[in-house]
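What follows is a short report on a single structure.
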Amino acid sequence: MIQKRPKSRQKFYTLPGGTQEIEETIHRSLAREVFEETGATIVIHDLIWTNQRRVRSKKVTEAFLHKIEYIFQCSIDDGYEVQIGPVPDSSQTGVKWLKIAQLEQYRIAPKRLRTTLNQLLTKVY
């Protein structure tokens, strides 16, 4: 999980991710975003969750964006050391491994992600 602390807000954790670039595949986008935020090189396995939602645009008043979210099962090299990647998000303050059994102890964003992760990870692991 990556740790974020936007200005004037409490810190929270979320999964690495971001915007897919034009003509970039979903897999390439995922690998790039994870590397930029965590410095980890990943192997992408199965797509295990999708969601779509409307979110308010930060740039255009009264506008909404259609956001599609994916969670893939991935693995990383055993030698990976937890670190902030070379191109972190502007509000990113860290990277931390969180234990599945302890997710309730952390602020996870978006809120429904905690429940989704608990359900997915108990099936996968």
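Read-outs: derived from the displayed coordinates by stated rules, not from any lab. Small disclaimer: the values here were computed from a predicted structure and weren't measured. We place every Cβ from the backbone using ideal geometry, glycine too, and count neighbours over all the protein chains shown.
Quick notes on this one:
- Residue check, Trp49 more than 24 Å from Lys7 (Cβ to Cβ), out of contact with any Gly (no Cβ under 6 Å at 6 or more places or on another chain), assigned to a strand (DSSP E or B) and of a type outside the set (Val, Ile, Thr): yes
- Selection within segment 1-14 - surrounded by 16 or more Cβ atoms within 10 Å (Cβ to Cβ) and of a type outside the set (D, E, K, R): Met1, Ile2, Gln3, Phe12, Tyr13, Thr14
- Within the option set Val60, Val87, being in a loop (DSSP other than H, G, I, E, B), surrounded by fewer than 16 Cβ atoms within 10 Å (Cβ to Cβ) and in contact with a helix residue (DSSP H, G or I) (Cβ under 9 Å, 6 or more places away or on another chain) holds for one residue only, Val87.
- Only one of the numbered conditions (1) closer than 20 Å to His45 by Cβ; (2) in contact with a Phe, Trp or Tyr (Cβ under 7 Å, 6 or more places away or on another chain) is violated by Phe72, and that is (2).
- Segment 22-58, residues that are within 16 Å of the chain's Cα centre (by Cα) and free of Cβ contacts under 8 Å to residues at least 12 places away in the same chain: Arg28, Ser29, Arg32
- Any hit, segment 96-110, residues being in contact with an Asp or Glu (Cβ under 9 Å, 6 or more places away or on another chain), closer than 16 Å to Gln3 by Cβ and of a type in the set (Val, Ile, Thr): no
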